[in-house]
Amino acid sequence: MLGVGNVILGDEGFGPEVARRLGEAGLPAGVRVEEGGVGGFNLLGSLDGIERLIVIDVMDAAISPGEVRLFRPETGFGGHGGQAISFHQVGVLELLQMWRLLGHEPDVYLLVTRPEKLAWGTELSPSIRQAAARAVSLVRELAADDFAALERSPCITS
């Protein structure tokens, strides 16, 4: 699990908040949780040895603010021109492309919500706080079943 986002830009802190909560949730052995912040390409080193990666972030996507969606990037995701747009200078999708260029081929999923507000501050909006709780519950359910549900469905909405 890799939670990315800027914790001082309101709802952009969704990924790090979910990562923090997951770190406290007592996930099974073998499930690693990293808070990546806005590390960009600096995160590449922390991804070594990973077979499955779930990146947790906010994206400008065709979902309601606070809706949680888990999907493979290859399945497409409605947004601007069919692209899922990250709010980071180095977007998550660029990071994953660079990782693959370096020879890593893990299963990659994105666990995202659409932000309600992006403004200076450390508080998540109410809908995004609720989305964080749903995201943690979803990951805990998936982890309890050794992530088998990911093989059955390319897109899960919560």
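The values are calculated or read from the model by the stated rules, or taken from the named source; none is laboratory data. Source: prediction; values computed, not measured. No Cβ is skipped: glycine too gets one built from the backbone with ideal geometry, and neighbour counts run over all protein chains shown.
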Can we say Gly45 is part of a helix (DSSP H, G or I), on the phi < 0 side of the Ramachandran plot and at pLDDT below 90?
yes
Looking at region 77-126, which of its residues are in a loop (DSSP other than H, G, I, E, B), at pLDDT 80 or above, in contact with a strand residue (DSSP E or B) (Cβ under 8 Å, 6 or more places away or on another chain) and surrounded by 14 or more Cβ atoms within 10 Å (Cβ to Cβ)?
Pro115, Glu116, Leu118, Ser125
Positions within region 10-42 being modelled with pLDDT under 85, part of a loop (DSSP other than H, G, I, E, B) and not small (Gly, Ala, Ser), in sequence order:
Val38
Scan region 147-157 for residues that are in contact (Cβ under 8 Å) with a residue 24 or more places away in the chain and loosely packed, with under 15 Cβ neighbours inside 10 Å and report the count.
3
